[in-house]
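The values are calculated or read from the model by the stated rules, or taken from the named source; none is laboratory data. Just so it is clear, the structure is predicted and the values come from calculations on it, not from any experiment. Virtual Cβ from ideal backbone geometry, glycine too; neighbours counted across all protein chains shown.
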Amino acid sequence: MSTAKVAKQTATGLTGNSAVAYAMMQINPDVCGAYPITPSTTVIEEFSSYVADGRVDTGLITVESEHSAMSACIGAASAGARAMSATSSQGLALMWEMLYIASGMRLPIVLCDVNRALSAPINIHCDHSDTMGARDSGWIQLYSETVQEAYDNMIQAVRIAEDKRVQLPIMVCLDGFITSHSIENIELLDDESVQDFVGEYKPERSLLDVDNPLTLGATALQDSYMPLKHQQSNAMKASKEVVIEIGKEFGEVSGRSYGLLEEYDLDDAEVAIVVLSSSAGTVKDAVDKLRAEGKKVGVLRPRLFRPFPHKEIAKALSGKKAVCVLDRADSMDGFGGPLFKDIRAALYADDNRPKIIGRVFGLGGADFNVDNALDVIGETIKLAAGEDVELFRYIGEGQNAQTIAGC
Amino acid sequence: MTTEATARTVPYKEKKPFDYDPYLRQGKLPHIWCAGCGHGIVLKSLLRAIDALGWKNDDISMVSGIGCSSRTPGYVDFNTMHTLHGRAFAFATGVKFANPKLNVIVTTGDGDALAIGGNHFIHAARRNMDMTILVYNNYIYGMTSGQGSPTMPEGAVSTTSRFGSIEPPFDTCELAKTAGATFVARGTAFHAQELEKTLYEALKHKGTSVVDILDSCPTYYGRFNKHKNVSEMMKSIEKDGTISVAQAAKLPPEKTEGKIVRGILHRAERLEYCDGYQNLLDRVQNK
C-alpha cells in the first residue's frame with residue numbers, strides 16, 4: 001500500500017470545459033493568451049471569471065486572433081512564464097504556423113483543444129481532424145475520454161511539458177460538446193494539492209534572465225538546423241517515460257493513475273477495437289453486451305497519441321485475431337485515418353500480428369452509438385473468422401448529404 | 001408597359017408592400033438571429049437597396065466570414081460563400097478578380113472585420129477593388145456569447161471585460177477612410193429607411209465601399225450593459241447616440257459632442273483595382 005498522502009477531494013458535477021477551467025485556476029499560470037471559438041469558448045470565459053475574481057494572478061490577454069493567442073503564449077513562455085490557452089478547430093488551424101515555433105523553441109506551453117471538425121463545410125461538432133492535422137507539429141498529445149480525465153490531464157500536462165527531459169508543448173484534447181458541454185461526476189483536488197503537484201516553474205533559460213542572454217528561433221542553416229531537430233526528436237521520444245512517471249505520481253496524489261493506454265477486457269480478447277477519447281465509452285458498453293454473450297472482445301484506448309507508444313500498442317495487440325481501428329478523422333489519402341495507419345505500422349514487425357481494418361466514424365459530430373459499435377465489432381469478428389472484410393471505409397454517415405458534381 | 005419586373009427608377013417612394021421572397025432562400029428560413037437583433041433589419045434594407053438598383057440575383061456574389069453577421073449569405077439567393085473567420089475580404093477579392101462583372105458584397109461583423117480580419121480589411125480598402133462591405137457593428141462577438149471586440153466603447157462590459165473595457169475602440173469609418181476606401185458611410189438598424197438609401201449609394205459606388213452599421217446585440221451587449229429592453233437599447237445607442245451628417249452640420253460642436261455621426265462620411269474617386277489591372281495588361285501587352 002502506498003504511503004503517499006492522498007489529497008482531499010471534492011465530488012461534484014462539471015462540464016468538461018468547466019473542469020478544464022477549474023484545473024487552469026488551480027494551476028494558476030502566469031499568462032493566458034485567448035481568442036474565443038466554439039466549443040472551447042467557455043473554458044476561457046470561466047477562466048476569465050477566476051481572473052476577475054482575483055482567484056488567480058494570471059495575465060489574461062484577449063487578443064485579436066488565435067494566431068496572436070499562440071504568439072502571446074510563445075512570447076510569455078520565452079520570457080520564462082508558464083503559459084496556457086484553449087482553442088478548437090479553425091482556431092488550432094490558425095495557430096498552425098505558431099505550433100511549430102512553440103515546439104521548435106522547446107517551450108512547455110499547455111494548450112487545451114476541444115476537438116471540433118474543420119471547415120469546409122462549417123461544422124461546430126466533434127471530430128479529431130483539428131488535432132490530428134497537428135500530429136506532426138512536435139506537440140505531445142493526450143486524448144481524454146471523460147471530464148475527469150480532461151481535468152486530470154490538464155494538471156499532469158504542466159509537469160510533462162516542463163520536465164527537463166522534455167521541454168515541449170503539450171495538447172490536452174477532449175471531445176467537443178460530447179465531453180466539453182456534458183456534465184459528469186468528477187472529483188476535484190484541493191488547490192494546495194494541485195499547487196504542490198505542479199510546483200513552481202523554474203525555466204532552464206529565459207529571455208528575462210539578463211545574466212545569461214540568449215536568442216530564440218534565430219536562423220540555423222545546414223550546419224545547425226538538423227542537430228537541433230534531432231534534439232527535439234529525442235526529447236519527444238523521452239517524453240513517453242515522463243508521461244508514465246507523472247501518471248503514476250498523479251495516482252499517488254489523487255488515487256487515479258494513468259498510463260499510456262487503457263486496456264478494457266483486452267487480456268483474453270480475440271477481437272479488439274482501438275478508439276480515442278469519449279467514443280471508447282460507447283465501445284465499452286458494446287463490449288459489455290458481447291462479453292455477456294461469451295464473446296471475447298476488448299478495447300484499447302490510447303491516451304497518449306504523440307509521441308506514439310508503438311511498442312506498448314504492439315504488445316497490447318499482439319496475438320489478437322483481428323483488430324478494428326476507429327478514426328474520428330480521415331487522412332484524405334485513400335488509405336484510412338491517421339490512427340489506423342500508425343497502429344498498422346506499429347504491428348508490422350510483430351510475428352503474431354492480427355488482421356487489421358480501419359473505419360472512419362463520427363465526422364462533424366455524426367452519431368456513433370452502441371449499435372454502431374456492435375456493427376463494427378461484428379464485422380471484426382467476421383474478419384477474425386477468416387471472412388473477407390473491406391480494409392477501410394466510412395461508417396455511420398448522415399443521410400442528408402448533397403452530392404457534389406462528379407463525386 | 002410590360003409586366004416584367006424592372007428596376008425602380010424612383011426608389012423609396014413605393015407604397016405597396018415590398019416582396020422580399022425573390023431574394024431569399026425560403027428553405028433556409030427562419031433565420032438564427034435572436035429576437036431583438038437588428039441583423040434582419042439590415043438584411044431587409046440591403047434587399048430593398050438591391051431591388052432599387054435592379055440587380056439580378058445571379059449577378060451578385062455575397063461573401064462572409066464567421067459570426068452572426070456572416071450567416072446572412074445563407075439566407076439570400078445570390079452566389080454565396082461562407083468562409084473563414086476574418087478572411088471574407090480575401091475570398092471576395094478572389095471572386096471579384098476572377099469575375100469583375102459580379103457585384104460583390106461582403107457581410108461581416110466588428111470582430112470578424114476589425115480583429116481577426118483587420119489586416120485583410122485595411123488592404124481591401126487600400127486596393128479599392130469594387131466591393132461593398134457591410135460591417136454589422138454590435139461591439140462584441142455575439143456568436144461565441146459576448147466577448148469584447150475592437151469596436152467596444154471604453155467602459156463597456158463584456159464577458160472579457162467584466163469591470164469595463166480599458167481599450168480604446170476602433171472607429172470603423174475613420175479606419176476605412178485612412179486605409180483608402182473610396183466610399184465610407186455609417187447607418188444604424190434603427191434608421192432602417194436611411195440605411196436603405198445609404199446602402200443604395202454604397203452599392204452603386206465603384207470602388208471599395210464600407211458601411212459601418214450600428215446594430216446592437218440585445219442578448220449579450222444589451223444585457224451586460226444594463227439596457228432594460230431592446231427598444232430602450234436601440235433608442236439609447238442607435239437613435240439618441242447618433243446624429244446625421246446634415247444635423248451635425250447645423251449644430252455647434254458642443255451640441256454634437258459624444259454623438260456618432262451617421263450618413264455618407266467620405267466619397268472619393270480613385271482608380272478601381274480591376275480597371276488598374278486591365279490598364280497594366282494593356283500597357284505591357286502594347287495594346
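Of the residues making up segment A:79-102, those that are among the hydroxyl-bearing types (S, T, Y) and buried (at least 24 other Cβ atoms within 10 Å of the Cβ) are A:S85, A:T87, A:S88, A:S89.
Total residues in segment B:129-172 satisfying the condition of being in contact (Cβ under 8 Å) with a residue 40 or more places away in the chain and of a type in the set (S, T, N, Q): the figure is 9.
Among A:D327, A:D288, which is touching a Phe, Trp or Tyr at 6+ places or on another chain (Cβ under 9 Å), outside the structural domain of A:S182 (by TED's automatic domain parsing) and acidic (D, E)? Even if it seems obvious, please write down each step before you answer.
Numbers: A:D288 fails: touching a Phe, Trp or Tyr at 6+ places or on another chain (Cβ under 9 Å).
Going through A:D327, A:D288 in turn, the sole match is A:D327.
For the condition loosely packed, with under 12 Cβ neighbours inside 10 Å, assigned to a loop (DSSP other than H, G, I, E, B) and at pLDDT below 95, A:N352 does not qualify.
Which of the residues that make up segment B:167-180 are surrounded by fewer than 20 Cβ atoms within 10 Å (Cβ to Cβ) and modelled with pLDDT of 95 or more? Walk me through it before giving the result.
Of segment B:167-180, the ones surrounded by fewer than 20 Cβ atoms within 10 Å (Cβ to Cβ) are B:167-169, B:171, B:174, B:177-180.
Correct list: B:P168, B:P169, B:D171, B:E174, B:K177, B:T178, B:A179, B:G180.
When B:A92, B:A113, B:A98, B:A88 are checked against the criterion of being crowded, with 24+ Cβ neighbours inside 10 Å and away from chain A (no Cβ under 14 Å), B:A92 stands alone in meeting it. Considering only residues in segment B:55-80 that are over 22 Å from B:D215 (Cβ atoms) and without any contact (Cβ under 8 Å) to a residue 24 or more places away in the chain, the one that is surrounded by the most Cβ atoms within 10 Å (Cβ to Cβ) turns out to be B:N79. For the subset of segment B:264-287 comprising residues that are charged (D, E, K, R) and part of a loop (DSSP other than H, G, I, E, B), which member is farthest from B:I237 (Cα to Cα)? The extreme case among them is B:K287. Quick one: is A:V243 assigned to a helix (DSSP H, G or I) and touching a strand residue (DSSP E or B) at 6+ places or on another chain (Cβ under 9 Å)? Spelling it out, A:V243 is indeed assigned to a helix (DSSP H, G or I) and touching a strand residue (DSSP E or B) at 6+ places or on another chain (Cβ under 9 Å).
With within 24 Å of A:R106 (Cα to Cα), out of contact with any Ser or Thr (no Cβ under 7 Å at 6 or more places or on another chain) and of a type in the set (S, T, N, Q) as the only criterion, which of A:S279, A:S233, A:S193, A:S254 stands out? Full working, then the answer.
Values: A:S279 fails: within 24 Å of A:R106 (Cα to Cα); A:S193 fails: within 24 Å of A:R106 (Cα to Cα); A:S254 fails: within 24 Å of A:R106 (Cα to Cα).
Residue meeting the stated conditions: A:S233.
Residues in segment B:120-166 that are crowded, with 22+ Cβ neighbours inside 10 Å, of a type in the set (V, I, T) and within 14 Å of chain A (Cβ to nearest Cβ): B:I140, B:T144, B:T151, B:T159, B:T160. Restricting attention to segment B:167-177, the residues being under 16 Å from the mean Cα position of the chain (by Cα) and within 11 Å of another protein chain (Cβ to nearest Cβ) number 1.
Among the listed residues A:Y50, A:Y22, A:Y35, which satisfies the condition of being surrounded by fewer than 21 Cβ atoms within 10 Å (Cβ to Cβ) and under 28 Å from A:M98 (Cβ atoms)? It would help to see each step written out before you state the result.
Working: A:Y22 fails: surrounded by fewer than 21 Cβ atoms within 10 Å (Cβ to Cβ); A:Y35 fails: surrounded by fewer than 21 Cβ atoms within 10 Å (Cβ to Cβ).
Only one candidate passes the filter, namely A:Y50.
When A:E64 is tested against (1) out of contact with any strand residue (DSSP E or B) (no Cβ under 9 Å at 6 or more places or on another chain); (2) of a type outside the set (F, W, Y); (3) more than 9 Å from chain B (Cβ to nearest Cβ), exactly one condition is not met: (3). Taking the conditions (1) under 18 Å from A:S239 (Cα atoms); (2) aliphatic (A, V, I, L, M); (3) in a helix (DSSP H, G or I) in turn, A:L168 satisfies each one other than (3).
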